[in-house]
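The structure appears right after this line, and notes come after that.
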Amino acid sequence: MRVLNIILNGKAVTAREGQTILELAQENGVFIPTLCHSPALEPAAMCRLCTVQVIEGGRAKFVTACNFPLRRDAEIRTDSPEVRHGRKLIIELLMARCPSSPELQRLAVEYEADLTRFSSLNDDCVVCGLCTRACEAVTGKTLSLAGRGTAIHVSTAFAKISDFCIGCGACVQICPVQKISMEDVDGERHILLHGKIVSQVKLPRCKSCGKYFGPVIDLEKVMDRMGEHLIPPPNADTCPECSRHNLAVKLGKRYFEQYGVFREEGQADAG
């Protein structure tokens with residue numbers, strides 16, 4: 001693999017051919033803001049916050065750092081006045097969509113964004129696509145982007161409650177503006193988008209303690225989709241707490257039986 005000579009914010013560094021600018025920056029302790037990036041997913045450059053300036057062969061251009069592969073020696077500027085001006089505009093546009101996001105609020109202060117420049121949409125979504133891409137990686141059947149242009153939004157098929165959701169909560173955990181929520185109510189797991197229930201998943205009841213838990217995800221299908229085949233199947237009828245307790249009792253019994261001192265729970269002390 002060819003080694004490239006890169007000037008990163010005035011500092012000489014080396015990069016691997018094909019390495020993205022974001023990867024190079026992270027390796028060298030340079031922070032580049034991003035909302036739509038996750039190391040677990042292929043980069044999509046949806047939010048554009050990671051836009052930086054690249055100078056190759058004497059020609060300057062603006063590119064998204066998360067998905068731009070380095071192919072030749074270059075100079076990269078991640079915080080130049082031109083980059084900051086463009087990033088400020090992006091932040092102002094995103095804040096119009098989701099003004100309550102803590103991360104966007106922090107960036108708005110850092111870049112001195114004018115929050116009155118654009119009319120507020122207040123739709124609580126920056127359309128970064130992380131939730132839909134995470135859903136696709138796991139099941140590919142629940143959340144997706146619908147509409148076109150300024151009307152694009154996250155939804156389920158035909159905007160109806162999905163029957164395909166497995167209740168894994170990946171969309172909830174990965175949402176950068178924390179606008180997808182999850183709740184367990186009366187033996188069901190609900191995924192809520194914009195405060196509206198978009199999926200309902202039945203939860204199993206633990207055979208040991210009687211509490212609802214889960215959901216129990218069919219890991220075989222998920223792992224096949226992700227290219228993994230060595231993950232053991234989950235205990236489908238026992239909650240994680242009881243599973244750990246039962247395993248501890250089993251291991252303890254196996255160890256102490258040889259000494260004749262193991263007692264079942266609740267058994268009175270001998271002598």
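Quick note: the coordinates plus some simple rules give every number you see, no bench work behind them. Every value quoted in this text rests on a predicted model; they were computed, and no experiment measured them. For neighbour counting, all protein chains shown are included, and Cβ atoms are generated from backbone atoms with ideal geometry for every residue, glycine included.
Give the range of the longest stretch in the chain that excludes all GluC sites (Glu not before Pro) found in loop regions by DSSP and having at most 15 other beta-carbon atoms within 10 Å. Formally, the longest exposed-site-free interval is 113-227.
GNM on the chain, alpha-carbon springs under 10 angstrom: the most fluctuating residue among Gly252, Gly86, Gly57 is Gly252. Note on the chain: GNM, Cα springs under 10 Å; of Pro43, Pro81, Pro204, the largest mean-square fluctuation is that of Pro81.
Angle check, please: helix 240-256 long axis (alpha carbons) against the longest principal axis of the chain (alpha carbons), in degrees 0 to 90, nearest 10. That works out to roughly 50 degrees.
For region 3-110, a/c is not less than 1.5, where a ≥ b ≥ c are the root eigenvalues of the C-alpha gyration tensor, and a/b tops b/c. That puts it in the prolate class.
Counted residue by residue at 0.36 nm each, then reduced by the alpha carbon distance between them, the extension gain from Arg71 to Asn28 reaches 13.6 nm. Loop-located trypsin sites (Lys or Arg not before Pro) across region 149-200 with a Cβ neighbour count of 13 or fewer within 10 Å are Lys160, with loop assigned by DSSP. As a calculated quantity, the FRET efficiency between Ser120 and Tyr255 at R0 = 51 Å, using C-beta atoms, amounts to about 0.20. Taking 0.36 nm per residue of sequence separation and removing the Cα-Cα distance, the Lys11/Lys160 pair yields an extension gain of 48.4 nm.
Note on region 130-202: antiparallel DSSP beta bridges, both residues inside, total approximately 95 percent of the bridges counted. FRET efficiency for the Arg148 to Gln105 pair, using the beta carbon distance and R₀ = 41 Å, is estimated at 0.90. Note on Asn246/His85: beta-carbon distance plugged into 1/(1 + (r/R0)^6) with R0 of 51 Å gives a FRET efficiency of 0.25. Shape of region 130-202 from its Cα gyration tensor (a ≥ b ≥ c, root eigenvalues): rounded if a/c is under 1.5, otherwise prolate when a/b > b/c, or oblate? In terms of gyration-tensor shape, prolate. Highest mobility in the GNM of the chain, judged by mean-square fluctuation with C-alpha springs under 10 Å and restricted to Thr78, Thr150, Thr64, is found for Thr150. Each Cα pair under 8 Å and six or more residues apart adds its sequence gap; the mean of these over the residue count of region 109-162 is a relative contact order of 24 percent.
Does region 56-169 come out rounded, prolate or oblate by the C-alpha gyration tensor, with a ≥ b ≥ c the root eigenvalues, rounded set by a/c under 1.5 and, if not, prolate when a/b is larger than b/c and oblate if not? Oblate, since a/c reaches 1.5 and b/c is not below a/b. Label zone (Gln200, point 7 Å along Cα-to-C-beta; backbone nitrogen cut-off 14 Å) within region 138-176: 160-165.
If you bin all the Cα-Cα distances of the chain at 10 Å, starting from zero, the percentages per bin are 6, 21, 24, 20, 15, 8, 4, 1, 0.
Looking at region 84-139, the trypsin sites (Lys or Arg not before Pro) that sit in a DSSP loop and have at most 12 other Cβ atoms within 10 Å of their own Cβ are Arg117. With the highest mean first, a sort of the peptides 46-54, 30-38 on other beta-carbon atoms found within 10 angstrom per residue produces 46-54, 30-38. So in the chain, what percent of DSSP beta bridges are antiparallel if you round to the nearest 5? Bridges in the chain are about 90 percent antiparallel.
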